[in-house]
Each structure stands twice: as structure tokens, then as C-alpha cells.
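The values are calculated or read from the model by the stated rules, or taken from the named source; none is laboratory data. It should be emphasised that the depicted structure is a prediction, and the values quoted were computed from it without experimental measurement. FYI the Cβ positions are ideal-geometry reconstructions off the backbone, even for glycines, and counts take in every protein chain you see. Note: accessible area is taken over every heavy atom of the protein model, side chains too, but ligands, DNA and RNA are not part of it. Shrake-Rupley method; radii C 1.70, N 1.55, O 1.52, S 1.80 Å.
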Amino acid sequence: MIDFILTAKHWKIFFLLMFIPFALMMFSSFFIGFAQLISDGSNLFTTLLSSLNSLLSMAILIWFWSVGKGLQKYIPQNINVNDKFFKLAMTYLIVTWPLETIISFIFQIARSGDSTSLGLSHALEFAITFVISIASLVAGIYLCVHIAKSLIIAETQEDTDSKEYIGTFILCLLLPIGIWFVQPRINDLVEADNE
């Protein structure tokens with residue numbers, strides 16, 4: 001998988017990361033709307049279908065993992081790029097996206113039986129989801145930093161500081177657009193190493 005991601009052209013990655021998950025999200029949104037029309041007040045079906053929307057997030061995580069791990073072999077041995085935080089951030093994001101769906105599902109079940117604690121239930125769900133989301137944001141930003149730094153080091157074959165990889169970092173943050181600029185650089189790096 002890593003070699004496929006590293007050698008694939010930018011338009012293929014864009015298609016795999018954006019078009020297919022977006023089509024699935026639109027498909028699931030249609031069913032969510034339909035479920036709300038025929039619903040008897042229960043949002044359990046809606047919660048389950050909305051978990052399909054995490055496919056886009058998982059597709060992006062696959063790209064981050066493949067690029068983050070794949071670039072390690074192009075970095076010189078004398079330069080130490082710590083990938084422990086990269087692995088920790090990736091693991092956190094993989095665990096928390098399904099966890100958020102499960103938490104939402106549990107709160108939906110709890111709210112369906114008791115309407116007296118509805119406000120407390122919403123507040124507690126918001127607090128838990130807010131903390132998870134802020135930590136996910138920090139983890140996602142670190143993934144972009146790691147990939148940007150690794151790519152610049154692999155291209156220049158020397159250590160770098162933050163002002164040298166800030167442009168690549170911003171492109172990683174703006175992934176649907178940034179993929180058109182970052183992926184060709186990864187392709188060039190892989191092709192130059194294979195020659």
C-alpha cells in the first residue's frame with residue numbers, strides 16, 4: 001500500500017481520497033435524509049449512517065500513514081526524524097473516529113429512554129466530543145508537520161527548520177488542493193531514487 005501511494009499520480013490520489021469517499025458521503029446523506037423523514041423520533045439509524053462519513057477521514061489517514069512511513073527510507077541515516085509522535089498521533093486518530101461514533105450512539109440510546117436529563121446528556125456529549133475533537137485537531141496538525149518536514153529533508157538530504165517546510169505544511173493542511181502539489185514532489189523523489 002505504501003509503495004502504491006508513493007508512486008501514484010496526484011490525480012489518482014485525489015480520486016481515491018476525495019471523489020470516492022465524497023460519493024459515499026452523498027449516498028449516505030440521502031439515506032440519512034430519508035431516515036429522518038420516516039423516523040419516529042429515534043436518531044439511531046441516522047447515527048449509524050453518519051458513521052459512513054468517516055470514510056473520507058480514513059482515506060486521508062491512509063495517505064498520511066503511507067507518506068509518513070514511506071518517506072522514512074529516503075531520509076539520510078545521520079538525520080534523526082522522530083516518528084514516535086507520528087505513530088502516536090496516527091493511532092489516536094484511528095481510535096477516536098470510531099470512538100466518537102460509539103459515544104454518539106450511546107448518548108442517542110440514553111436520550112431515547114429518558115427526557116428529563118436531556119439537557120445534561122447533550123452537555124456531557126458536547127464536552128466529551130469537544131475534548132476529543134481538540135486533541136484530534138492537534139494530532140492532525142502534527143501529522144502535517146511530520147510529513148512536511150520529512151519531505152523537505154528527503155528532497156534536500158539535510159536537516160531543516162520550520163521556516164523551510166512551512167509551505168509544504170500549509171499544503172498538507174489544505175489536502176484536497178495540496179495533494180496536487182505535494183504528491184508530484186513525492187513522485188519525483190521516488191523516481192529519482194529508483195534510477
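Descriptive notes on the structure:
- Residues that are open to solvent by 70 Å² or more (accessible area, probe 1.4 Å) and charged (D, E, K, R), drawn from segment 123-158: Glu155, Glu158
- Residue within segment 108-131 that is under 30 Å from Lys9 (Cβ atoms) and modelled with pLDDT of 85 or more present: no
- Filter result for Leu44 (closer than 26 Å to Val138 by Cα and at pLDDT below 75): no
- Count - residues of segment 139-161 that are in a helix (DSSP H, G or I) and either in contact with a strand residue (DSSP E or B) (Cβ under 8 Å, 6 or more places away or on another chain) or in contact (Cβ under 8 Å) with a residue 24 or more places away in the chain (or both): 16
- Residue within segment 72-82 that is under 17 Å from Ala135 (Cα atoms) and either touching a Phe, Trp or Tyr at 6+ places or on another chain (Cβ under 8 Å) or open to solvent by less than 30 Å² (accessible area, probe 1.4 Å) (or both) present: no
- Residue in segment 92-110 that is in contact with a Phe, Trp or Tyr (Cβ under 9 Å, 6 or more places away or on another chain), open to solvent by less than 60 Å² (accessible area, probe 1.4 Å) and more than 18 Å from Thr129 (Cα to Cα) present: no
- Inter-residue pairs, beta-carbon under 9 Å, first under 14 Å from Ile60 (Cα atoms) and in contact (Cβ under 8 Å) with a residue 40 or more places away in the chain and in segment 1-20, second among the basic types (Lys, Arg) and open to solvent by less than 70 Å² (accessible area, probe 1.4 Å), 6+ apart: Ile2/Lys69
- Positions within segment 159-190 being exposed (fewer than 13 other Cβ atoms within 10 Å of the Cβ), at pLDDT below 85 and out of contact with any helix residue (DSSP H, G or I) (no Cβ under 6 Å at 6 or more places or on another chain), in sequence order: Asp161, Ser162, Lys163, Ile177
- Leu61 falls short of the stated requirement of being over 24 Å from Thr96 (Cα atoms), open to solvent by less than 50 Å² (accessible area, probe 1.4 Å) and at pLDDT 80 or above.
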